[in-house]
Every structure is written in C-alpha cells, then in structure tokens.
1. Which one, C:THR237, C:GLY251, C:LEU113, is farthest towards the positive end of the dipole of chain C when Lys and Arg carry +1 and Asp and Glu -1 on their Cβ?
2. Quick one: putting +1 on the C-beta of Lys and Arg, -1 on the C-beta of Asp and Glu, what dipole do you get for region C:33-123 around its Cα centre, in Debye to the nearest 20?
3. Take every residue in peptide C:41-54, count the Cβ atoms of other chains within 10 Å of its Cβ, and give the average of those counts.
4. In nm, give the distance between the simple-model label positions of B:HIS220 and A:LYS107, each being 7 Å from the Cα along the Cα-to-Cβ direction.
5. Past the 20 Å Cα-Cα mark, which pairs from A:LYS253/B:LYS395; C:LYS226/C:LYS305; B:LYS16/B:LYS261; B:LYS16/B:LYS256?
6. Based on the alpha-carbon gyration tensor of region B:67-253 and its eigenvalue square roots a ≥ b ≥ c, which shape applies: rounded if a/c is under 1.5, prolate if not and a/b is larger than b/c, or oblate?
7. Quote the relative contact order of region B:4-58 in percent (integer), defining contacts as alpha-carbon pairs under 8 Å separated by 6+ residues.
8. Determine, at each q value in 0.15, 0.18, 0.20, 0.23 (inverse angstroms), the log₁₀ of I(q)/I(0) that the Debye formula gives when each Cα of region C:7-119 is one equal point scatterer.
Amino acid sequence: MHFIVCIKQVPDTTEVRIDPATNTLVREGVPSIINPFDENAIEAALQLREKHGGKVTVITMGPPQAEQALREALAMGADEAILISDRAFAGSDTLATSYTLARAINKIGDYDLVLCGKQAFDGDTAQVGPGLAEHLGIPQVTYAIDAQIVDGRLRVKRLLESYFEVVETPLPALITCVKQMNEPRHAGLRGVMKARKAQIPTWTAQDIEADVERCGLTGSPTNVIRVFPPQRHRAGEKLEGDVEQVVQTLISKLREAKVL
Amino acid sequence: MAINIYIDPDKCVGCKLCLGACPYGAIVVEEGKARFTEACVLCGACVSSCKFGAIIWEQPKKEEVDTSQYQGVWVIAETHDGRLAEVTLELLGEGRKLADTLDEPLSLLLLGNGVEPLASVAGHYGADRVYLVEDEVLAHYRTAPFTDVAVGLINKYKPSIVLIGATSMGRDLGPRIAARIGAGLTADCTGLEIDPQERLLRQTRPAFGGNIMATILCRHARPQMATVRPKVMKKLDPDPGRQVEIVREQVSLNEKTIVTKIVEIVREEGDEQVNLQDAEIIVSGGRGLRAAENFALIRELADVLGAAVGASRATVDAGWIPAYHQVGQTGKTVQPKLYIACGISGAVQHLAGMSSSDCIVAINSDPNAPIFDVATYGIVGDLFEVVPALTKALKREFGQQ
Amino acid sequence: MDFAFTEEQQEIFAAVKEFCDDVLKPRAREVDEAGEYPWDNVRQLGELDLMGIAIPEQYGGLGLGVLEWAVVGELLSAACTTTGAVYGAHMLAEYPILQFGTEEQKQKYLRPLATGEKIGAFGLTEPSAGSDAGNVQTRADRDGDEYILNGSKIFITNGGDAEIYVIIANVDPARGTRGLTAFILEKGMPGFEFGKNEEKMAYKSLSNRELIFNDCRVPAENILYKEKGGFRVAMETLAVGRIGMAIGAVGLAQAAYDAAVEYAMTRVQFGRHISEFQAIQFKLADMATDIECARLLSYQAAWRKDAGLDFEKQAAMAKVFASEACSRVCDQAVQIHGGYGYTKEYPVERYFREAKLFEIVEGTSEIQRLVIANRLLKEAKAK
C-alpha cells in the first residue's frame, strides 16, 4: 500500500498581528510547525502502514524552508518526502494549491490513499483536500475520525456536527483527518537523526508538468483585497467586591438582562 | 467560453462505463465511440468514470469567462430529518439582501428525496425560486452525486453567486464543486456584501484563528462561491404568504455507479452528545483550571444552570477534556444566550468561537486577560473561589423558586 | 571555546523537549501521587530511543555522548523528576557494561538496555555500606563455574522493575574494597529476590527496593571486568552517575524557577504583579544564577568525559553544587508562591520535596566534598 500525506507548514501560533503601517502580516520570529491536523494525517498513515505494509510518502507545496516540515514528518517515520516548490506557485489559493498537489501526486503515480489534515491552522479553509480529490478524480471522505482498510476497501468513520457517519469507498481515495482521530506520535531520536540526513527532492512546476496558468496567483480565482484586525466588542462591566457580593451582583444582573 | 467537455476518440474504447455514470442520459456510444448528446449539462460526473482518460474536461482560463452570462444568487440547501437546516434559512436571509442589491433572483438548490414540501418553506424565508431535484440516491448527502447534480445545474443556469453553509456538508461539497468548475470559493465567511461599483461579492472571513479578517474578491471566475459560517447571518421572519416558483429538474442517478456507501449512522448517548451549538447556556473552562479533575467545578456550575460544558483549546490540547467540548476557531462556534468563561484568558482563537454570544461572563485572575475585552460582566478573581460560590448561590436562588 | 550546541544537538533536544511538554509534564503530578512505577513513561523513553543515547549504535544505542545523555536527562528531570530518575539509574547499569563488559556481555545485556526493551539498575548501597562503599557485606563465594551470592542491597533505584542488574559483592571481605567484584544479574535468577519498596518523602512512584541474595547462583561469565575489580567498576560508574545527578538537579531547579517566574508575573498583590517587587526580583536573579552555574559545571563535566579528559573532580563539583543549588532554588520557589506554594495546587511543593534527594544519593554532599578535596590535594602535591 502506498499512502501519500499532504502537509502544510504553518506558523506555530495564530497570534499574528497586522502591521498598521504596511497593512501586512507580522510573522517574524514565529517558529514554523507542521499543521497540527496534518500530524494526525501522518499518524493515520503510519498506523495504516504498520497494519498493511507499504510506504508513506509526505509531500508539501511551499517555499524551500518548508523542507523542515518534511524532515519532521520523516522523523516521525515517513519513508519519503517530496517538496513541491516553484516561484510559479506563489500566491496560490486553495484551487491552485489542490491543482498543483494533484499534478505532483499524478507524477508519483501509484498510490492507494491520500491523507490530508482537516484544515490548515492558518487559513482554516478545509478546501484543499476535497479540491485535490476532485482533481485526482477519486472519492473523498472528509472529517475522518477513524479509517480502516477492510478487504481492500476504505471504511471511514466521519465526525459530523451531531453524529458519526460510517462510509465505505473503494481505493484509491482521499481522506481528511480530524484531531480526535489519533494522538500523533513523537519523533524518536533515531528518526530525528535520520531525517536530518535524508535527501528531499524538490519538484518544480516543470517537473510535475503543471500548466502554470493554473498555478499560483494566475491560477487562483480568489484574491485577498484587504486584511484588517477583527473588531473587538467594547469592554463590559467589571464586578468588584468580595466573592459573595460579586456573585450576588452577577446573578441579579443576569436576571435583569433576562439571561437567567 | 465556459467549461468544455469532449471525448478523445483515440483513447475511447467504447466500453460504455460512462453511460451509467451520466445522471442525464447524455452519452451515447456509436460506432464504438462515446459521444455527448444535447442533453449534456456539463456536470462532469462521467470524467472520473472513464478508465482510459478519454473524457477531457477543460476549465476556461479565467479571462475567458463571460461573467455577464452569470445572474442570480443561489443557496445550496442542507436538510436534516426532513427539515431545512438553520444555516440554509440564514443563507436565504443573507442571500435575499444580496439578490435585492443586485436586483437579481434568489434561488435555492434543493437536492434530496421527498423534500418537495421544503420548497414552500424556502419561499417563506425569502427564496424566489427553488430548483428541485429528487432522487433516492440523494436521500442522504454524499459527495459524488451532490457534486454531479449541483455542477450540472450551475453550468446550466449560471448563477453569479452560490452560497453554502460552512458545515461538514457544505465544506465537503463546496470545494469539490469549485474544483470541478474552476470557481473561486471562499471558506467560512462571516460577512458578505455587494461591491457597489463592480457588483462583485465581497467575502469577509477570519483567518489565523480569527486574529485577522480578510476580504476576498473573485473577479473573473464564476460563480462566486462562498461557504458561510452558521449562526452568523440572520434568517428572515417567515412570511407564509410568500410564493415560490418550483423548477423540477430530472436526473437519472444510478446507485450502482455511486462508489461511496453509507454503512451506518452512529449517534452516541450521554456526555458524548454535547451539542454545544444548540445550548442556550455554556460554561467553559480554560487553562486556569490547572488540572483535568478541576473541570468538576465547571460541570457543577453547568448542572445547576442546565448548561453545556465548553473548553478552551489549551485544555483540550492538555488532554483534560475531549475535543468535542472545544469552543473556538478550530473547535465550535457558539452563540448561546449566556457564556460563562472560567479561567479562560481569551486567546483570539477562542474569542472567534464565542464572542457573538448574547451575554458573556468572564472569571479570571488576570485583570489584563483579553477575555475581559469581550465580557459583558467581568469578575477578576480566583475561579476556585468564585465558581463554587456562584454554583452555591445559584442553587440557593433556584431552590427558592 | 564554544558553548553552542550543534544543529543536530538542537534538533534532538527540541524533539525531547516536545515530548516532555506534551507527555511527561502534564502527568508529573499524577506520577508523583500514583505510587506505581511509571511504566507508560518508561516504555515511551524506549520508543523514542532515549534509553541508549550514549551507547554505540552497534549495541543498539544512538552513538552519542555523555553530554547528549546529560542534556536529555536535564529535560526529563525538569518535566518529571521521577521519570528522570529512572533514566539516570538505567545508565548506571548500561555504563559499566559498556565500559567493562565483554563483547558477549554487551550483546546480551547492553543491547536490550540501550533499546529500552529492558530496564537496568545498579546495586552497591547496603544497610551498612552507604558512604562507606568499601564495607559491602554481600558475599560472593566461588563454587566451580558459579558464584554464590548472599546478602542484601537497599534503596536500589529501579529495583524490582529492572531486569538487568549490576551488583557489587565482595569475594574477599578481609581485603575490603580490594575484594569487591561486579556481577551482572538478571531478574528471575534463583535466589535473587526483592524486598519492600521504601516509603519516601517524595518519588512515591519510583522503585527503591531492597535486593536480597539468598544463595543466588551467578555464572562466572557474568563477572563484569574481573574478579576483585569491582571497586573500579563502582567508582567509574558513580563518577558518570554524578553527572546524571547533577544534571537531574539542574532540570528540577529549572522547573521550579520557571514555575516561580510564571507565578510572580501573574500574582497580584498591593495592586501589582509581585514580579515588580525588588524582593522577588532579587530572588529570581539568585535562582537563575545558581542554575546557570550548576548547568555549566555539569555540561563541562560531561564534555570532559566525552573528550576523554579526567572528569571525576568536575563531576563531583557539579553534583555537590547542582544539588545544593537545586534545594536553594526550590526553597525560594515555594517562598515566592507564598501560601499557595505550600499547597498541592502548585507543583513547587513537590519540587521542594524532590530536591532534597539530590544532596543525598549517589554520594552525599559530604562525600562529594571529600572526593573534590582528595583530588585537589593530590593535584597540589603533584606540582
């Protein structure tokens, strides 16, 4: 079995600010990590490999420094990693990203299951997984909380708003993984040391035979025209005094406001 | 130029696999080669059915799209247990405003089985027209048939705007449709408006865990698609006198060609079933609780109030409480009447999930905690003193009634 | 002179730190109170390749040095002192086998220790042989191809849970330290039994059991180094052990300091954070300085060991300074927390209880000072 995991490198915080002078995001000094949901996808792939054999390939589309995220995935136990990187990919929205990843996966060729995180921690769109499945022409199962391969078919439990849904679909297929699916393993030191030395190929637009008109900014139908800080609610009333008094004041305020 | 589909005669072997995949009976095989008939609505359902890569699906380059051909606002319906989902009603309310600004009709795309009675409900909530597709295969949402039908109808009727709830269904379906037709899709919007000059949809959404807002435009590709966060838009007061035009669309879906099967629906009982989003009161605990067992304080208060228990991401990450309790950007967005935040500092990502609650009470020992910026009532104090005192006082209070 | 870690070291320590923050630290209190050996933590140390850091790859280890072993120990100790103690005691079985074992012994005993498959322990201390290591009463009498061990050990860390033991016994009590001999024992050998676990001020979940030898027959091939060579085995093992104790104390002190700083920056009294008061600031400055000194001494001792330089004096200095600094720091951390520091609401009361151990085990502070003084005088004479 060949499992392909698509990951994204994201800043290790969502506490970004906008520089009021330049109206751009301030991201300096924030370390980068693997998108947390993607770690669940890596873990799911590693567990499936342990059960069914085969290999786990991790790919990411991003700038050259995204290689670090791939090394972390290798340290966790992935077998191979490929960086998809080209200036032509800059400014990709989710459509262009899913197209580009699909080209790369088509170049890889044989695969049984593609795994993605539910969504990225920075963009929170959750659109690349389904978009990728569409470009690959394979079934998708989103919000996977459990994924098993039974008699060559994929059986997935999906975490929906108020219930779980169990679906079956043939392979190859794509799943997006939720946090509750598993506990991503920590990288062992042997893995860390091995990953440091691993050769990670970089594939360009040309390597994956991508139509550059469908990549990057050019290939992205959506454009961000403005970023701004969210509006804050105005601060309310501070209740002060000893605990008993404060609690009584609060209860009467809530009663007045007809909240209780 | 819009989407183009054709068959590469060199690759087609005349195997007829695509015939079963077509919901519109729009493919015939003649002289050993497949051919599209006039009935083709460009839904793309056949493309992945071809094992030989003979069906070529070409998306237009973005400058080639004639945007003037696209008119009207669509909402794609989500139904549960024979009712329109709340988010669908909310989108009809918001869609009504957009459609009025554009002076174009508002339509609901309603897919399902036995859902016709919902068409008039959609009318009460603001829809001018309902495109109705009923089929057994559509009884329960599944990605492939819903995508195929929706894409076919979008290509046929060319709406300018398509709105879908940012629910597990909408976020599964939206990107699949958008990728097939090359449309721009903005995820999880919290604000929509029409740009008065360009008549384009300005879509505003939070990113980076709600720390920034981004406004997004889609100039060239059509339709302009957005998934919209539930509980953000307001539904209209229903007007039972409002009439709706029903356009019934015929498709011939074949269960055999749908590869994904729903095997089981599991509803779990008890604590597992925290439906935070429906709760009127939520009591949430944060890092200030310091240990898993201290969630007992939160539960006691919640019990007295008949409230659901929420949690900050830090506590979920620490393993103190299961993730389905999590409120915030990566958890659930809630809008209860009363939200009591105990020991939650108020990271923006948490605020993003609860700041639109009607009334917010914050209990935190740090007077500078950002949670106080959104709190209706703030109590600076030790939650280990305040929460039990509040629980006790409320017990007394309710006991007297 | 270069005080920087290499990139590889940084990545290794970052990976360990992440594990500590995610896994060990959140359950440290639970481990402290459980009264059960922290098997889950220990198993994970093995899975993450932490049990053989300084053991060559050919014996299943990572092939790094004592410095890397020490820094990892510091991180573990800061997150969960009990788990850090297991890690340290494990090395006391690994190190002598690595240093003195035959190829067969290394393949048979060192490999499962290095992979974490089995846990190790080192047994020297006896009821009447603590600081006075030469007074070991456990006897080993030769009988053909075997030795028959009789006697007992106490306070043995990992005792009962470990499967591989390095035991110091005496084949010739009349000759005192010159009769000491090291043996490798396996749990389950007939006549090798375990007594009760000590009830201690802290480390409730750490095993410190009595080992009892009741006509325990050990094959002669299980002698480590050579007959009557046990004193050297013990002393060299303890020297490396001192680095482990020193660095464990540094880790614990760092945890106490971090807790104190966090508390000082959130606790408000007289309308300000207490970190704004000079009385608190001076405490923090002294604590941080103590920790930095202890850390530098410890790293230096480890570095000397890896560089093949004499490190015995530096290890003893590191051990005595770090353990005493740790007690000072933990004491002040409780003080900064005030009344809360005395409660179980905050971890500092645990740190305070845990700190004292470092001044006692693997050579009390008094013994360390003796070791240092002996070396100093020897050096002075040699001039």
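1. Towards the positive end, the residue furthest out is C:THR237.
2. 240 debye
3. 2
4. The modelled label-to-label distance comes out at 2.4 nm.
5. C:LYS226/C:LYS305; B:LYS16/B:LYS261
6. rounded
7. After rounding, I find 47 percent.
8. Summing over Cα pairs of region C:7-119 leads to -0.60, -0.85, -1.01, -1.26.
Quick note: the coordinates plus some simple rules give every number you see, no bench work behind them. This one's a predicted model, so the numbers in the text were calculated from it and none came from an experiment. Positions of Cβ are generated from backbone atoms using ideal geometry, with glycine treated the same way; all protein chains shown enter the neighbour counts.
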